[in-house]
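These notes are about the structure you will find just below.
The values are calculated or read from the model by the stated rules, or taken from the named source; none is laboratory data. Note that the coordinates shown come from a computational prediction; the quantities given were computed from them, not determined experimentally. Note: ideal-geometry Cβ built from the backbone for every residue, glycine included; neighbour counts use all protein chains shown. The protein model used for the area step is the full one, side chains on, heavy atoms only, and it has no ligands, DNA or RNA in it. Shrake-Rupley method; radii C 1.70, N 1.55, O 1.52, S 1.80 Å.
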Amino acid sequence: MKLVRLLWQDAHACAETWCDPGALDPEPVVVDSVGWLIEGGKPDHVVICQSLADTGMVDHVLAVPAGMVVRLIEVPTPPL
């Protein structure tokens, strides 16, 4: 699997309570995540996992809808 850096726009709360809609921050919240890319993991999503065991099992899987992806960058990994 490839190690990747995934920049994606998060769905987020814009206010803690009632607010004036004109006062909402217009900027997106961009999250920076790093993990192992699971190609074909879920249709129309970029799927990464935090941990990869030598058995092929994965842990802490994150599926981000493709439309929310800002950028996907492969991270070079040195040989062991």
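Do the conditions hold for Gly22, that is, is it closer than 19 Å to Val75 by Cβ and small (Gly, Ala, Ser)? The answer is no for Gly22.
If you go through the range 33-52 and keep only what is within 12 Å of Ala66 (Cα to Cα) and in contact (Cβ under 8 Å) with a residue 40 or more places away in the chain, you end up with just Val46. Of all the listed residues (Val4, Val61), the sole one being touching a Leu at 6+ places or on another chain (Cβ under 7 Å) and modelled with pLDDT of 95 or more is Val4.
Within the range 28-80, count every residue that is of a type outside the set (S, T, N, Q) and farther than 20 Å from Asp10 by Cβ. Walk me through it before giving the result.
The first filter runs over the range 28-80 and keeps only residues of a type outside the set (S, T, N, Q), leaving 28-32, 34-49, 52-54, 56-76, 78-80.
In the following step, the residues that additionally are farther than 20 Å from Asp10 by Cβ were identified as 36, 39-40, 43, 52-54, 56-59, 74-76, 78-80.
Count: 17.
Among the residues of the range 60-78, the ones that are of a type outside the set (A, V, I, L, M) and either open to solvent by less than 60 Å² (accessible area, probe 1.4 Å) or out of contact with any strand residue (DSSP E or B) (no Cβ under 9 Å at 6 or more places or on another chain) (or both) come to 2 in all.
Restricting attention to the range 30-80, the residues that are aliphatic (A, V, I, L, M), within 12 Å of Val4 (Cβ to Cβ) and part of a strand (DSSP E or B) total 10.
Tell me yes or no: at least one residue of the range 4-27 is part of a strand (DSSP E or B), among the aliphatic types (A, V, I, L, M) and open to solvent by 70 Å² or more (accessible area, probe 1.4 Å). Write out each step before concluding.
Of the residues in the range 4-27, the ones part of a strand (DSSP E or B) are 4-10.
Going one step further and asking which of them are among the aliphatic types (A, V, I, L, M), we end up with 4, 6-7.
Next, only the ones that are open to solvent by 70 Å² or more (accessible area, probe 1.4 Å) stay: none.
Among the residues of the range 4-27, not one is part of a strand (DSSP E or B), among the aliphatic types (A, V, I, L, M) and open to solvent by 70 Å² or more (accessible area, probe 1.4 Å), which makes the answer no.
If you go through the range 42-59 and keep only what is in contact with a strand residue (DSSP E or B) (Cβ under 6 Å, 6 or more places away or on another chain) and loosely packed, with under 15 Cβ neighbours inside 10 Å, you end up with Lys42, Gln50, Ser51, Asp59.
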